[in-house]
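The structure appears right after this line, and notes come after that.
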Amino acid sequence: MDLLIVGSGLFGLTIAERAAAAGRKVTILERRHHIGGNAYSEAEATTGIEVHRYGAHLFHTSNATVWEYVNRFTTFTNYVHRVYSAHKGVVYPLPINLGTINQFFQSAYSPAEARALIQEQAGEFDPASASNLEERGIGLIGRPLFEAFIRDYTAKQWQTEAKDLPASIISRLPVRYTYDNRYFNDTWEGLPTDGYTAWLERMADHPNIDVRLSTDFFDEAQPLNKAAVVGQVPIVYTGPVDRYFDYTEGELSWRTIDLEEEVLDIGDFQGTSVMNYPDADVPFTRIHEFRHFHPERADRYPKDRTVIMREFSRFAGRDDEPYYPVNTATDRERLLAYRELMAGEKDVHFGGRLGTYQYLDMHMAIGSALSMWNNTLA
Ligand code: FAD
Ligand code: UDP
């Protein structure tokens with residue numbers, strides 16, 4: 001073995017694929033019973049509808065190197081992601097655009113008129129110098145739209161008031177003075193034609209790659225455990241960084257989600273793939289309906305059944321799946337302390353979402369793995 005990789009998410013798989021292609025022998029340890037990390041999907045047993053087990057995953061990128069790389073393993077459908085928001089019993093398009101504004105104010109504003117209105121309503125705060133998410137949100141879209149679509153959704157999602165969250169969370173939500181309601185601005189987007197798992201399995205399909213499922217790096221009962229291998233072979237570690245160091249600098253906080261799946265005896269529940277619920281009196285944040293991610297499979301999917309998932313958000317305990325870094329000031333201090341420990345860990349390379357405590361989209365995880373391979377490991 002030339003390289004040991006802990007975790008078979010997109011970061012670990014990209015490193016494994018590159019190393020194997022360069023003639024190195026690689027072993028991947030994966031705690032779960034399947035490869036692919038959080039991008040894993042499978043067919044729901046009774047309907048055959050592809051469901052994303054760890055939350056809906058939409059591939060999008062403007063990085064030409066990453067786009068070329070992923071297309072070696074899968075083609076992508078022409079799915080374009082759009083999200084709607086059900087506020088007080090009325091459905092609006094997201095991200096906030098001229099359609100949302102005109103529907104909300106029951107008006108027919110031109111782009112210039114809408115811009116002037118929002119500028120007037122947003123005047124309370126300057127988004128550039130906003131010190132928290134509430135100030136940034138109001139400074140971007142004005143108080144009425146902020147209170148309708150952002151304030152309570154964000155409080156539900158982060159279990160924290162918008163005024164106590166960093167302003168940076170909301171820079172992901174653009175405001176458009178056109179009727180364009182594409183959710184992402186990227187050059188390329190789509191879903192893997194044969195599903196995520198087929199894509200992920202093709203990345204691992206090489207005689208130089210040995211995958212060991214249901215195997216935990218910290219389990220001393222298995223031979224390739226941490227105590228046995230650190231210092232013996234180069235390691236790429238993509239599990240939680242605080243766990244690696246036995247939480248000596250304190251725990252890093254994460255948000256997790258609970259997904260409640262339901263199979264319904266109707267052909268179409270909501271007419272679209274994602275409906276957000278921004279009101280405080282609805283306990284979940286959104287509902288995913290998976291058949292709508294693949295309209296091109298309409299002939300293969302049942303016409304009288306559908307699969308939905310309601311998404312609930314909460315803080316993660318040690319035994320929960322860590323999904324989104326919360327990134328409080330305490331977390332950032334602890335992360336700095338962990339970074340010092342990481343630098344002292346000879347020939348262990350920390351990567352991916354959990355290993356660096358960073359929210360990474362799939363294209364970012366792949367891009368940073370390609371950089372680690374090219375610049376450090378190769
Ligand atoms: P992961 O996929 O988390 O893989 C890490 C792997 O390491 C896991 O399989 C884990 O089991 C394994 N592991 C951990 N500890 C150990 C151990 N001790 N021993 C053995 N194995 C271990 N990105 C997008 O581009 N678009 C989206 O729409 C999107 N939606 C998302 C929705 C949700 C709810 C979440 C959480 C993420 C979403 N992402 C999305 C991000 C995407 O999931 C990540 O970019 C990607 O999973 C990163 O890959 P990774 O390899 O860093 O981590
Ligand atoms: N957001 C919101 N209302 C919405 C959608 C998003 O307030 O209807 C805010 C919320 O704070 C969220 C952030 O925008 O955390 C980013 O949303 P996005 O949908 O990009 O995040 P995801 O949960 O899909 O990663």
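Summary of computed values
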| item | result |
| --- | --- |
| Filter result (assigned to a helix (DSSP H, G or I) and within 15 Å of ligand 2 (Cβ to nearest atom)) within the range 275-301 | Phe293 |
| All positions within the range 361-373 that are within 16 Å of ligand 2 (Cβ to nearest atom), over 13 Å from Trp67 (Cα atoms) and surrounded by 20 or more Cβ atoms within 10 Å (Cβ to Cβ) | none |
| Extreme residue, modelled with the highest pLDDT, among residues of the range 126-180 that are hydrophobic (A, V, I, L, M, F, W, C) and assigned to a loop (DSSP other than H, G, I, E, B) | Ala130 |
| Qualifying residue in the range 18-29 (condition: within 7 Å of ligand 1 (Cβ to nearest atom), part of a helix (DSSP H, G or I) and touching a residue at least 24 places away in the same chain (Cβ under 8 Å)) | no |
| Among the candidates Thr215, Thr193, residue that is touching a residue at least 12 places away in the same chain (Cβ under 8 Å), over 28 Å from Gly355 (Cα atoms) and more than 16 Å from ligand 2 (Cβ to nearest atom) | Thr193 |
| Scan of the range 47-81 for residues that are among the charged types (D, E, K, R) and either within 13 Å of ligand 1 (Cβ to nearest atom) or within 18 Å of Met309 (Cβ to Cβ) (or both), ordered by number | Glu50, Arg53 |
| Any pair with Cβ under 7 angstrom, 6 or more apart, that starts in the range 106-133 at a residue that is farther than 29 Å from Trp158 by Cα and ends at one that is β-branched (Val, Ile, Thr) and not in a helix (DSSP H, G or I) | Pro111/Thr178 |
| Test for Gly139: is it over 29 Å from Trp188 (Cβ atoms) and either buried (at least 17 other Cβ atoms within 10 Å of the Cβ) or in contact with a helix residue (DSSP H, G or I) (Cβ under 7 Å, 6 or more places away or on another chain) (or both) | yes |
| Residue list for the range 187-207, restricted to those being assigned to a loop (DSSP other than H, G, I, E, B) and surrounded by fewer than 17 Cβ atoms within 10 Å (Cβ to Cβ) | Thr187, Thr193, Asp194, Asp205, His206, Pro207 |
| So Thr215, is it buried (at least 18 other Cβ atoms within 10 Å of the Cβ), β-branched (Val, Ile, Thr) and either in the same structural domain as Ile15 (by TED's automatic domain parsing) or in contact with a strand residue (DSSP E or B) (Cβ under 7 Å, 6 or more places away or on another chain) (or both) | yes |
| Failed criterion for Glu42 (all others in (1) assigned to a strand (DSSP E or B); (2) in contact with a Pro (Cβ under 6 Å, 6 or more places away or on another chain); (3) over 19 Å from Thr272 (Cβ atoms) hold) | (2) |
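Yes/no matrix, rows are residues, columns are (1) in a loop (DSSP other than H, G, I, E, B); (2) within 30 Å of Ile287 (Cα to Cα):
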residue	(1), (2)
Ala227	no, no
Asp242	no, no
Tyr247	yes, no
Arg255	no, yes
Asp258	no, yes
Val263	no, yes
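The values are calculated or read from the model by the stated rules, or taken from the named source; none is laboratory data. Values in this document were obtained by computation on a predicted structure and should not be read as measured data. We place every Cβ from the backbone using ideal geometry, glycine too, and count neighbours over all the protein chains shown.
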